[in-house]
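Heads up: the structure comes next, in C-alpha cells.
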Amino acid sequence: MTDKQNILIVDDEAAQRKLLEAFVEPLGFEVVCAGSAEEALDRIRDTRVHMVLLDVRLPGMSGLDALPEIRKLAPDLPVLLITAYGDLREAVAAVKGGAVDYLVKPVDLNELEAVIVDTLGKPSADKPVRRALPPLPPGIVFESAAMRRVAETLAVVADSTVPVLVMGESGTGKEVVAQLLHRWSGRSEGPIVAANCAGLPESLIESELFGHTKGAFTGASEARQGLFRAAHGGTLFLDEIGELPLHLQPKLLRAIETGQITPVGSETPISVDTRLVAATNRDLSEAVESGQFRDDLYYRINVVELVVPPLGQRREDVLPLAKHFGSDFAGTPIRFSPQAVNCLLSYAWPGNVRELRNAIQRACLLSRGDVVMPEHLPPRIAGLAESAPEDPDQGRLSQVERATILATLAECKGNRPHAAKKLGISRRALIYKLRAIEEEA
C-alpha cells in the first residue's frame, strides 16, 4: 500500500502523457493515465483519484463533455483543464462549471506544479521535489537559477518524443540547449542534425528537409536523403523556424504528425523516426496572428516551450562562461584582473553568449600572459573600467588584485619578469604594484 495521492492524466497522445507523468511523479505523487475521456471515467470508477489533468481535445467525448460526467461520479474531485489557445473561451466557461483551473498549451511546468501543490498540498518532506540533473557534458556551463530552471525542464522532457520549441534572443545558446536535450535523451547514440531555416535557399529548402530523387529537378544529378532522414533515430534541430516559407509549413506539419516524409520527385512516403527541436528569436504567436505562420504547426511544435534568458539577465553566468571560453582559446586556465572582471560584469551583453565568446577570443589573442586585462577586451567593454565600481579603499589595490599578483609571483618562484608576462603587464607596472602591496602591509 502507498499513501501517495493519485493524479489522473488524460491525453490521447502517449508522448504528452509520458511527459506529464515524468514531471508529476518526482513531485511525490502516483500517476494514473488514460488515453480518452471514456477510459478516464472508468479509471475514476475503479481507482481512488485525487486530481485529474484533463486535455480538452480528445477523440470521441471531449474533455469539456467529460467534465459533467466526472462531476456525477466524484463531485469534489479537482479537475485541471489543459487547453489550446483556441479553446480558451470554453475552458473559462468550464472553470465556472466546476474545473479548478485551466492551463494553456504549451504547459508551463512551473505553473503546473504550483496548481497541483495549491490543490493537493505539498508532498511529504521525505519525497524529492524535483529530480537531480543528469551530468552536464563538457562545455555546458551555467550557475544562474534561470538556466537551472531551463535544465530542469530539459531533464523532464528529454526522454519523451514531443517536439520542443526553444525561444530566445540571437546568441543566447539555443542550439546548445538542443544539444543538451539530445545528450540527455534516449536518442543520444543517434545523430543530432542542425540547420538554419533562414540560411537555406527557398528554392531548395524542401529538398534540404525531405530529400529528392535523382532527376527530380534541374541539377538533381543524384538522390539526396534530406535532413529528416539524416537525423533518423536522433534529433533534428531547426533554427529560425519562423523563417520557414508558408507553403512548406503543411509538409513539415505532416512529417511531425505522421512520421513520414515524401522526397521531392517521389510519390512514395518514407517513415522516419526523428525528434524535432525548433528554435526562434521571433514571437511566433504574432506571426500566427499576421498570417505568416500556420497556427496548427505552431501548436504542434510548441508542445514544450523553453525560453533561454538573455545573458544580461543572468550575470551569474558571465564569469564562468568567460573562464570556460578563455581556457578553450588559450589552451590553459586563464584569469581576469579585477578591472577586467568589473568590465565583464558591467557590460549589458546585447549580443549575449555569442558576443561574450568573441570578446574572450579577442582577449586571449591580445593577452601576453594568462591574465586578461581591460585593454585586452573590445573597446566598448574595456571603456567600462573607468565607470565600474571601485574598491572601497580608493587608490589602493583590491584584495582580489593583491591575491592575483602574489599568487602569480609564487607560481613563478619570485621571477618578476615571468610573473609580469603571465599577468599581462609590464615589469615596471609589477614593481609599482608590489611596492603598493608592501606599503599596505
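The values are calculated or read from the model by the stated rules, or taken from the named source; none is laboratory data. Keep in mind the model is a prediction, meaning the values are calculated, not measured. Backbone-built Cβ (ideal geometry, glycine too); neighbour counts: all protein chains shown. Only protein heavy atoms, including side chains, enter the accessible area calculation; ligands, DNA and RNA are left aside. Shrake-Rupley method; radii C 1.70, N 1.55, O 1.52, S 1.80 Å.
A few comments on the model shown:
- Helix 14-24 axis, angle to the chain major axis (alpha carbon atoms, nearest 10°): 60
- Looking at the chain alone, DSSP beta bridges between its own residues are antiparallel in about 10 percent of cases.
- At the listed q of 0.14, 0.18, 0.23, 0.24 Å⁻¹, the Debye profile of region 227-325, built from one uniform point per Cα, gives log10 I(q)/I(0) equal to -0.65, -0.91, -1.23, -1.29.
- Global geometry of region 199-249, whether rounded, prolate or oblate, following the gyration tensor of its Cα atoms and the 1.5 cut on a/c: oblate
- Share of pairwise Cα-Cα distances greater than 18 Å in region 159-254 is 51 percent (whole percent).
- Average accessible surface area per residue within region 251-342, 1.4 Å rolling probe, Å²: 44
- Computed over region 240-391, Kirkwood Rh from alpha-carbon pairs, angstrom: 18.9
- Estimated inter-spin distance, Arg57 and Ala132, nm [label 7 Å along Cα→Cβ]: 4.0
- Anisotropy class of region 11-115 from Cα gyration tensor, a/c 1.5 cut: rounded
- Gain on full stretching of the segment that runs from Asp108 to Ala15 - 0.36 nm per residue minus C-alpha separation: 31.8 nm
- Considering every alpha-carbon pair of region 138-197, the percent of pairs per 5 Å bin, from zero through the bin containing the longest distance, is 4, 15, 30, 28, 16, 7, 0.
- Equivalent-ellipsoid semi-axes for the chain (Cα gyration tensor, √(5λ), whole Å, largest first): 50, 31, 18.
- Segments 108-121, 313-326, 169-182, 70-83 sorted - mean Cβ within 10 Å per residue, highest first: 169-182, 313-326, 70-83, 108-121
- Relative to the longest principal axis of the Cα atoms of the chain, the long axis of helix 174-184 lies at roughly 70 degrees.
- Percent carbon-and-sulfur accessible area, the chain, ignoring ligands, DNA and RNA, probe 1.4 Å: 49
- Rounded to the nearest 10 degrees, the angle from helix 352-366 to the longest Cα principal axis of the chain is 30 degrees.
- For Arg368, distant residues with modelled amide H under 5 Å away: none
- Around Gly60: net Lys/Arg minus Asp/Glu count, Cβ-Cβ under 10 Å: -4
- Multiplying the residue separation of Arg380 and Arg282 by 0.36 nm and removing their Cα-Cα distance gives an extension gain of 32.6 nm.
- Treating r as the C-beta distance of Glu202 and Lys96 and R0 as 51 Å, the FRET efficiency rounds to 0.60.
- Asp159-Ala145 pseudo-label distance in nm [points 7 Å out on the Cα-to-Cβ vector]: 2.9
- Accessible surface computed residue by residue for region 134-236, with neighbouring protein chains in place and a 1.4 Å probe, gives 45 Å² per residue.
- Neighbour net charge for Ala419 - beta-carbon separation under 10 angstrom, K R +1, D E -1: +4
- Binning all Cα-Cα separations of region 92-244 at 5 Å, short to long from zero, yields these whole-percent fractions: 2, 7, 13, 15, 15, 13, 11, 9, 6, 4, 2, 1, 1, 0.
- Using all pairs of distinct alpha-carbon atoms, the Kirkwood hydrodynamic radius of region 165-216 works out to 13.4 angstrom.
- Filter on Lys105/Lys323; Lys18/Lys174; Lys174/Lys422; Lys174/Lys251 - keep pairs with C-alpha separation over 27 Å: Lys105/Lys323; Lys174/Lys422
- Estimated distance in nm for a label pair at Ser271 and Glu25, the labels positioned 7 Å out from Cα along Cα-to-Cβ: 2.6
- Stretch gain in nm, segment Arg435-Ala74, where the contour uses 0.36 nm per residue and the Cα spacing is subtracted: 121.9 nm
- Cα-Cα P(r), region 163-316, percent of pairs per 10 Å interval: 11, 40, 35, 13, 2, 0
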